[in-house]
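A short worksheet on the structure shown next.
The values are calculated or read from the model by the stated rules, or taken from the named source; none is laboratory data. Bear in mind the structure is a predicted one, so any value in this text is a computation, not a measurement. Positions of Cβ are generated from backbone atoms using ideal geometry, with glycine treated the same way; all protein chains shown enter the neighbour counts. Each accessible area value is taken on the protein alone, full model and side chains, heavy atoms only, with ligands, DNA and RNA left out. Shrake-Rupley method; radii C 1.70, N 1.55, O 1.52, S 1.80 Å.
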Amino acid sequence: MNPFDLVGLSFGALKERKLRAALTIAMVVIGAGLVTALNGMTTGMLQYMVGQFSILGANVIIVQPSSSSFKMTEVVRITLERIPDVKDAVLFVQQTATIVSGGKTKASIVIGIDQTKLPLIFPTIELDRGNFVPPHDSIGILLGNRVANPPDMTVPFARHGQSVTVEYSYLEGQKMMTAKRSFRVEGVLAYIGASAMFIPVDQMASISLAAANSLFKRGGGYDGAFVIANSQDLVEDIIKQISNIYGTGVQAISSKSIIQIVQNILSMFQLFMGSIAAVSLVVASVGILAGIYTSVMERTREIGLLKALGFKNWMILMLFLNEAILIGVIGGAVG
């Protein structure tokens, strides 16, 4: 064998060693990247879910009938308001309806509520234009930001001061009927960007409670009540008192309890995903071990030469360990 063949073999071995090192680093990159991605996904999901409920005040409880046999009335509101440590109780009516503006239509949730109490229920709520509708105003309407300014439209759907029509269909006997009423846009809410419990604030329109009761033909019955506690620490105790008064007739939930349930579920999900990521790290570790072991076996002549030059065993061991550390650091940093 001539010297040129030896040089070719040396370059071939070096190329193969670089390729093996690159594959080993790739395995580490995949393992570390998977761990980071899964952790980021679960953490991001948790923050998103918490953000969806955090707009509703932590001291607010939503009370709704658990069956059609229970009727939410003004008497129920007064009873809820008289529970110790309750600051206020606010009745509401909600109905899916169609809003017509200048020949354009948009489906929305229309809620009837005393709008002077909205800042108590949604502490971060703000007006973009106009004012809240007074409790006894029968023609005023307050639009959520995404109702007035839909993201899929280049021009506003409705503007402050404009007239819009709210219409919905209902069954009367065997006949489907349509009810409609015109309203004046008294205000537009600033964009919030989250849904609070069952009420997507940006997508809703709000009218006075009296107007909603008349338009939606509720006959003095309501869909539920917001109960505002004096402190978020009193929420659980108030929920227990509500259960003691009405039993299974109503269901009472709070954003605090929902957030806790979501956190518990996502914690288990994060543990599960973490175990998957741990397996990927084990696979990457085996890959590093196999790569280094193969490298050692193929470099016996190099090791012999180093020992002949006076290298100690621990020096040679550190040489290979440093190589493994370098692969792990590069792969981990990239991943």
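For the reader, a short list of remarks on this structure follows.
- For residue 245, the conditions (1) farther than 18 Å from residue 82 by Cα; (2) open to solvent by 50 Å² or more (accessible area, probe 1.4 Å); (3) in contact with a helix residue (DSSP H, G or I) (Cβ under 8 Å, 6 or more places away or on another chain) are fulfilled apart from (1).
- Meets criteria (of a type in the set (Gly, Ala, Ser) and crowded, with 16+ Cβ neighbours inside 10 Å) for residue 182: no
- Output for region 128-140, where each listed residue is open to solvent by less than 40 Å² (accessible area, probe 1.4 Å) and over 13 Å from residue 116 (Cα atoms): 130, 140
- Residue tally, condition of a type in the set (A, V, I, L, M), exposed (fewer than 14 other Cβ atoms within 10 Å of the Cβ) and not in a loop (DSSP other than H, G, I, E, B), over region 146-179: 3
- Reported count of residues in region 228-242, each being open to solvent by 30 Å² or more (accessible area, probe 1.4 Å) and either on the phi > 0 side of the Ramachandran plot or out of contact with any Asp or Glu (no Cβ under 6 Å at 6 or more places or on another chain) (or both), is 7.
- All conditions in (1) in a strand (DSSP E or B); (2) in contact (Cβ under 8 Å) with a residue 12 or more places away in the chain hold for residue 134, with the sole exception of (1).
- Boolean, residue 213 is open to solvent by less than 30 Å² (accessible area, probe 1.4 Å) and in contact (Cβ under 8 Å) with a residue 24 or more places away in the chain: yes
- Residues being under 26 Å from the mean Cα position of the chain (by Cα) and surrounded by fewer than 20 Cβ atoms within 10 Å (Cβ to Cβ) - total across region 97-112: 2
- Criterion: under 21 Å from the mean Cα position of the chain (by Cα) and either surrounded by fewer than 14 Cβ atoms within 10 Å (Cβ to Cβ) or modelled with pLDDT of 90 or more (or both) - qualifying residue of 47, 94, 115: 47
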